[in-house]
Amino acid sequence: MSEKYLDKAYGARDADETRKLYDDWAASYEAELGENGYATPGRCAAALAKYIPDKTRPILDFGCGTGLSGLALRLTGFDPIDGVDVSSDMLAQARGKTVYRDLRQIRPGEALGHKPGEYAAIAAIGVIGAGAAPVSVFDSLMHGLAKDGLFVFSFNDHALEEPQYEARVMEWTDCGAARLLFAEHGDHIPGIGLKAKVYVLEKN
């Protein structure tokens, strides 16, 4: 029987420990999430599709993992999609899906290397929160968008219990730097009773 990782995924770790966990999890990640009804990629893709009528505009899938998020975006009609992740083993799984134009490994905190405006939208699906990317990544991704660019992301219930995550959203919207287009709480990983809130922000 393969090792289970969901019970380890939300603990506090440093960046190297996080990368190692996802490297170790890569081979069984999709099976374990599939058994538990992972819903957030489809929810995020459907939410983003409401606000981008031209799905031929490029999308960046940040923290793309094994490509479940990219697959959901492609099934919704988006193409091309580029992906970045910290885990080389996760990226190896993503390459097998052939849904990405480009895949690249990044280091935690590394600049993404694109100019604002190159992507119509950035997706961070199940990426920011306890045990994964820190809340500071939120600002980096927003700065990677040009005016009118869209950011689709999710905070699971563990993140929603910590005020700094939603506070970061409000910092952008309250000052008028971004506009909240969509927010909906719903299924994340039903098999373990975990929900998530999906958001779409437009940069002003």
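Stokes-Einstein, applied to the Kirkwood radius of the stretch 6-203 over Cα pairs at a viscosity of 1.306 mPa s and 10 °C, places its translational diffusion at 96 µm² s⁻¹. For the pair residue 166 and residue 31, label points projected 7 Å from Cα toward Cβ lie 3.8 nm apart.
Here is how the number arises for the chain: DSSP H runs of 4 or more residues each give -39500 (n - 2.57), the sum is divided by the residue count, and the result at 222 nm is -9000 deg cm²/dmol. The antiparallel fraction among DSSP beta bridges confined to the chain stands at about 50%. Straight-line cross-link partners of residue 20 among the aspartates and glutamates, defined as a Cα under 15 Å from its Cα and at least 8 positions apart when in the same chain: 3, 85, 89. The label point for residue 49 and the one for residue 102, both projected 7 Å from the Cα toward the Cβ, are 2.6 nm apart. Report note on the peptides 39-49, 136-146, 110-120: ranked by the mean count of other C-beta atoms within 10 Å, highest first, their order is 39-49, 136-146, 110-120. With the simple model of a label 7 Å out from the Cα in the direction of the Cβ, residue 146 to residue 204 spans 2.0 nm.
Read-outs: derived from the displayed coordinates by stated rules, not from any lab. Computed from a predicted model, the values in this text were never measured in an experiment. All Cβ positions, even for glycine, are placed from backbone atoms using ideal geometry, and neighbour counts span all protein chains on display.
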